[in-house]
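Single-structure report; data block below.
The values are calculated or read from the model by the stated rules, or taken from the named source; none is laboratory data. This structure is a prediction, so every number in the text was calculated from the model and none was measured. Note that we place each Cβ from the backbone using ideal geometry, even for glycine, and neighbour counts take in every protein chain shown. Ligands, DNA and RNA are stripped out before the accessible areas are found, and what is left, the full protein with its side chains, is counted by its heavy atoms. Shrake-Rupley method; radii C 1.70, N 1.55, O 1.52, S 1.80 Å.
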Amino acid sequence: MDYIVVTVAQASGLDEADDRASLPVAYFEVNTELWKLWDAPTGVRVAGEIGASWTFPNVVVGVVAAARSVELWLINPAEQMRLADIERWAIVEFTTSVEWTDTVAAVAVLAQIDPGGWTRTDVDRVFHAVGWGREEENDESGTAKGGSGTASLHAFRASDYQRRYGYGEFEGMWLTADLPEEVLDLAYSDLLAECVRILGTPSYVGGPKAFATWRRDTTTLTLSRSALLGVEVDLYPTEAKENEEYSNAKWDECWEPSDLWRIRPDRTSSRADLDGMWFPSDRKVTDWESFDRNVQRLFTSLAADMPVLHPHATSIIWVIVSADEQILAAQGWFEATRSRVETKNGDELEFRDFPPGPAAAEEIVKLTQAAVRTVAETPDGLRYYAFAPSTPQALMDFRLGLADSVNR
């Protein structure tokens, strides 16, 4: 026998809202009891699914939060090993394919090249180094492009207005690789490892889109992932790009920072890569609608992006309190393998653990949104603090839109 699956909770299909609320609670309750028995899980794979697992000589026990149910798996260790071997072979087959190795080689070129003044000659030199050639430019957009398989490289012309910020003929280059969803995280991890090999630890990582950025004197390289576009690599002139962002932040009331949260993976390293860098401030929210939007976007990104940024971002702890810091509203953490939220129920502190992913974030968001309204009439009555507890990481941004209660 390969495995036995026991459905411990199932969506009724009668009320979608009730189903979304009850399934994570069931997952939490089963996990809590197994933690009491066996301490922390020994793995995050259950057969071919994501979940918490405990491995013993004669059985692997796992809990899976499926789309419409919560399942307890009892797996023959030989079957678990067989599935792991299949997964490993699929990884080897994908990472050694000609199409993918061409993409990795192109990213390696972008990671090491400096387009200088960003003239047409400079950009042609990049296309030549990548080896994909360059098609005729689009007269309307002024975009030069080339590609190989599902990957493509674009160079975007700077407008006359953008030249005032210090751009050359082109404002930057953008490589995308359109990939199936099932290999997206693997592809991203492969490119992240390649960039780290060439450039070292990123200057900072964050979300949304699980980005890793290497900021240098002349150029900045950012690797990110997108459910729509696959993996993306952006290369742009550092000073000109930051000049443009600073101007937009100062004069455009609708401008928002591109990041929701950022971590510096190694705060003990030299800060030369951050010299002269501009840090946009967090715009404070004054109404619940804006606060709810910030919490939704921030927590969804943390739950989805931290697992693929590990080990460069391993954990963030957050706390929201009343303005006088006398009353706890909610607190919790996000990690690569699980997330937690703690709220007050009378004098008792209730905690709930969830698996990684957007579904878990949705429940944490709802619990947090309800909890903060019990201690404040408006977001002005709230304060927060957050930090990255894993040495030597340091939290740079955590954009809730609330006043920071502690300078950390």
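Observations on the structure shown:
- One residue from VAL104, VAL109, VAL61, VAL5 being touching a helix residue (DSSP H, G or I) at 6+ places or on another chain (Cβ under 8 Å), aliphatic (A, V, I, L, M) and either modelled with pLDDT under 90 or assigned to a strand (DSSP E or B) (or both): VAL61
- A count restricted to the stretch 260-287 and to residues that are part of a helix (DSSP H, G or I) and open to solvent by 50 Å² or more (accessible area, probe 1.4 Å) stands at 1.
- Of all residues making up the stretch 16-44, the number that are farther than 15 Å from VAL6 by Cβ, modelled with pLDDT of 75 or more and open to solvent by 50 Å² or more (accessible area, probe 1.4 Å): 6
- The set of residues from the stretch 234-257 being of a type outside the set (D, E, K, R) and surrounded by 13 or more Cβ atoms within 10 Å (Cβ to Cβ) comprises LEU235, TYR236, PRO237, THR238, ALA240, ASN243, TYR246, SER247, ASN248, ALA249, TRP255, PRO257.
- Condition met for ARG262 (in contact (Cβ under 8 Å) with a residue 24 or more places away in the chain and among the basic types (Lys, Arg)): yes
- Residues within the stretch 78-134 that are open to solvent by less than 30 Å² (accessible area, probe 1.4 Å), among the charged types (D, E, K, R) and within 22 Å of LEU179 (Cβ to Cβ), tallied: 0
- Of the residues contained in the stretch 372-389, one or more are found to be in a loop (DSSP other than H, G, I, E, B) and among the polar types (S, T, N, Q).
- Among the candidates PHE354, PHE334, residue that is open to solvent by less than 50 Å² (accessible area, probe 1.4 Å), of a type in the set (Phe, Trp, Tyr) and under 16 Å from TRP261 (Cα atoms): PHE334
- Test: residue in the stretch 139-147 that is farther than 28 Å from GLY357 by Cβ, among the charged types (D, E, K, R), open to solvent by 30 Å² or more (accessible area, probe 1.4 Å) and not in a loop (DSSP other than H, G, I, E, B): yes
- Number of residues in the stretch 187-221 that are hydroxyl-bearing (Ser, Thr, Tyr), part of a strand (DSSP E or B) and either crowded, with 22+ Cβ neighbours inside 10 Å or at pLDDT below 95 (or both) equals 2.
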